[in-house]
Amino acid sequence: MKDGELITQLSIFVNNEPGSLASIALVLKECDINLKAFNIAESAGFGVLRAIADDPRKACASLRGRSIAVKPTKVIAVHVEDQPGGLFGIARILGEAKINIEYAYAYAGKKGPVIFVRVDEPEAALAAIRAAGMKVLGEKDL
Amino acid sequence: MYWNPEVECAPREEIERRQFESLRGLVANLYDNNPFYRGKMDGHGVKPGDIRCLEDISKLPFMYKDDLRDNYPTKLFTVPTTDIVRYHVSSGTTGKPTLVGYTREDLEYWTESLARALTSVGITDEDTIQVSYGYGLFTGGLGLHYGAERVGASVLPSSTGSTERQLELMVDLGVTAIACTPSYLIHMIEVAGKMGIDFRRDTKLRIAVLGAEPWTDAMRKIIEESAGIRAYDIFGTSEMAGPMFTECGEQDGIHLSWDMVYPEIIDPETGEVLGPGEEGELVVTMLKKEALPMVRFRLRDVTAIIEGPCKCGRTSPRIRRITGRTDDMLIVRGINVFPSQVEHALLQVPELTGHYQITVDRIGALDVMKVEAEIDPDAFSDKMEDLMSIKKRAEGIMKKYLNIGVRIELREHGSLPRYEGKGSRVKDMRSMK
């Protein structure tokens, strides 16, 4: 994979209790971290906040400095059409290529909607997306 | 190295003879001069003359923590307040506090016992010791302070709190020994990591004397390996004087100074005295105390007496590490659970930091036990599946150790409380309903 094909996402462990998102959000603010998009996955007693930040490497370092459990993870960002069937396009491509989507979430985007997808086989996913003529976005494209 | 070899290595027969002399004198004196003890003995149908050998101690009635609470503040004291030179107050979390008092002689014995103990772990006048127990009403700070001064060590009375400053001092002064709670030392190691201080590389620390809360051998291993030190267990309660006794260099049981204390292990249900090696509740009779004598005081600590001489050459009786307390023992769905078992189980899961909080609740008619455990930031994975598998594995180990189902909840690193003195990691919500 060439550099810039995958997007670095921050995964942050958060307690699932009142006020814990606020306390993480405060650290993000204090560390001057701006988020473009995020989602929260929750489980019994804890959650994982997944976020796309302006400067993921810097954000990761400053969060670690504050003892936050954070892990940089790679996701694929694709541009989709802002119309019915936009999600179907990308989901069908990956489904037909037998690639499992672990999770996905969307961002309104400056140049149209973007979907972030986490898959178990990123290389195969990139190849399938390109073969279908869709554009994979780099960090600079967001 | 011995502080007082004549006493510490005395022959067995001499120990028993002298313990009996002390006991006989103590009982006679209490019966004649103290209405509380006299009343207790009369109620139990025992007279000083019935104590004809050391084993006859089992004829005497027990004393309980409640006796101290009921007679708060000083009704159990056997000397006038003019003879009292110090008070301490227990950090008991339930009911009234308990007050203990000391004569000059009481402090002398306390200090002597700690001088023996600190010498036995290798602390000498060449050491610099940081006393990071609380100074004040709690016995830990001042007790260790005077014990360490007695052996001639340089004492840094840092007390609790201001962890970063404590670490700076540890580095700057070349501190070689520390006395604190095991959880506080783990906290210090964590904070040191964030400050870029490596215990092995940047400090001269070689010995830790740890106590005031239950801990396990697994925790000792973690502390010893991460800090590159030897960690020793210390034992004692305010009713005895304070922290008094430690393991020796062999780390094979806590040596009790035989001239100061006569230990028994009993069945907590029946009160029957158990034999060497049998686990039960520790009961102590303090043989030298003046201000506040303790005869067959039930400590609620669960341990066993180790028979036979120690490799270190000391002949004093030894007890095993305290495995729990009969009164913090939880009964969950009819099964006895000690927090120390929970701790031990959690240490088998490398993805968890070892900090934990237990909550027991009753939902409908069912007892539910929840253990919150912190996830190690390095072990954190983005995959929900991985996190769930850590949780499942911890629950499996917990089930194996405790024999009951426990719900594990993963928590952020640093989000559970750290205890710097005696603290309770157990919340029993059932008692509030």
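The values are calculated or read from the model by the stated rules, or taken from the named source; none is laboratory data. Source: prediction; values computed, not measured. Here the Cβ is made from the backbone with ideal geometry for all residues, glycine too, and neighbour counts use every protein chain on show.
Among the listed residues B:Gln357, B:Gln341, B:Gln348, which satisfies the condition of being at pLDDT 85 or above and away from chain A (no Cβ under 14 Å)?
Numbers: B:Gln357 fails: away from chain A (no Cβ under 14 Å); B:Gln341 fails: at pLDDT 85 or above.
Answer to the check: B:Gln348.
Would you confirm whether any residue within segment A:1-8 is of a type outside the set (Ser, Thr, Tyr), at pLDDT 90 or above and farther than 21 Å from A:Ala125 by Cβ?
no
Scan segment B:48-64 for residues that are hydroxyl-bearing (Ser, Thr, Tyr) and in a helix (DSSP H, G or I) and jot them down.
Kept after step one, since they are hydroxyl-bearing (Ser, Thr, Tyr), are these residues of segment B:48-64: B:58, B:64.
Passing the criteria: only B:Ser58.
Among the residues that make up segment B:187-203, is at least one of them in the same structural domain as B:Leu144 (by TED's automatic domain parsing), surrounded by 22 or more Cβ atoms within 10 Å (Cβ to Cβ) and under 23 Å from B:His344 (Cα atoms)?
Within segment B:187-203, one or more residues are in the same structural domain as B:Leu144 (by TED's automatic domain parsing), surrounded by 22 or more Cβ atoms within 10 Å (Cβ to Cβ) and under 23 Å from B:His344 (Cα atoms).
Name the pairs: first residue in segment B:49-62 and modelled with pLDDT of 95 or more, second residue exposed (fewer than 12 other Cβ atoms within 10 Å of the Cβ) and small (Gly, Ala, Ser), Cβ to Cβ under 9 Å, at least 6 apart or on different chains?
Going by the 9 Å Cβ cut-off, the qualifying pairs are B:Lys59/B:Gly45; B:Pro61/B:Gly43.
Give, as residue ranges, the strands (runs of 3 or more DSSP E) completely inside segment B:277-364 that count at least 3 residues that are under 18 Å from the mean Cα position of the chain (by Cα).
Here the list reads B:280-286, B:297-303.
Within segment B:376-423, which residues are away from chain A (no Cβ under 14 Å) and aromatic (Phe, Trp, Tyr)?
Those that are away from chain A (no Cβ under 14 Å) and aromatic (Phe, Trp, Tyr): B:Tyr401, B:Tyr419.
Given the options A:Gly65, A:Gly45, name the one that is buried (at least 16 other Cβ atoms within 10 Å of the Cβ), more than 16 Å from A:Ser11 (Cβ to Cβ) and within 14 Å of chain B (Cβ to nearest Cβ).
A:Gly45
Only one of B:Ile265, B:Ile222 is within 27 Å of B:Val426 (Cα to Cα), out of contact with any Phe, Trp or Tyr (no Cβ under 9 Å at 6 or more places or on another chain), at pLDDT 95 or above and not aromatic (Phe, Trp, Tyr); which?
On the way: B:Ile222 fails: at pLDDT 95 or above.
Result of the check over B:Ile265, B:Ile222: B:Ile265.
What about B:Ile335, is it of a type in the set (Val, Ile, Thr), in contact (Cβ under 8 Å) with a residue 12 or more places away in the chain and either more than 14 Å from chain A (Cβ to nearest Cβ) or surrounded by fewer than 21 Cβ atoms within 10 Å (Cβ to Cβ) (or both)?
So B:Ile335 passes the test.
Would you be able to tell me the number of residues in segment A:110-142 that are out of contact with any helix residue (DSSP H, G or I) (no Cβ under 9 Å at 6 or more places or on another chain) and surrounded by 15 or more Cβ atoms within 10 Å (Cβ to Cβ)?
Within segment A:110-142, residues that are out of contact with any helix residue (DSSP H, G or I) (no Cβ under 9 Å at 6 or more places or on another chain) and surrounded by 15 or more Cβ atoms within 10 Å (Cβ to Cβ) number 7.
Within segment A:9-42, take every residue that is hydroxyl-bearing (Ser, Thr, Tyr) and over 26 Å from A:Val114 (Cα atoms) and give me the one that is nearest to the other protein chains (Cβ to nearest Cβ). Quick ask: steps written out before the conclusion?
Within segment A:9-42, the subset hydroxyl-bearing (Ser, Thr, Tyr) is A:11, A:20, A:23.
So of that shortlist, the ones also over 26 Å from A:Val114 (Cα atoms) come out as A:20, A:23.
Details: A:Ser20: 7, A:Ser23: 9 Å.
Selected residue: A:Ser20.
How many residues does segment B:381-404 contain that are assigned to a loop (DSSP other than H, G, I, E, B) and in contact (Cβ under 8 Å) with a residue 24 or more places away in the chain? Steps first, please.
So the first thing to find is which residues in segment B:381-404 are assigned to a loop (DSSP other than H, G, I, E, B), and the list is B:381-383, B:403-404.
From the residues that got through so far, the ones that are in contact (Cβ under 8 Å) with a residue 24 or more places away in the chain too are B:403-404.
Residues that pass the stated criteria total 2.
If A:Arg57 satisfies every condition in (1) within 14 Å of chain B (Cβ to nearest Cβ); (2) surrounded by fewer than 18 Cβ atoms within 10 Å (Cβ to Cβ); (3) touching a residue at least 12 places away in the same chain (Cβ under 8 Å) but one, which is the exception?
Of everything listed in (1) within 14 Å of chain B (Cβ to nearest Cβ); (2) surrounded by fewer than 18 Cβ atoms within 10 Å (Cβ to Cβ); (3) touching a residue at least 12 places away in the same chain (Cβ under 8 Å), A:Arg57 misses just condition (1).
Please determine whether any residue of segment A:111-121 is assigned by TED's automatic domain parsing to the domain that holds A:Val14 and among the basic types (Lys, Arg).
We begin by selecting, within segment A:111-121, every residue assigned by TED's automatic domain parsing to the domain that holds A:Val14; these are none.
No: zero hits.
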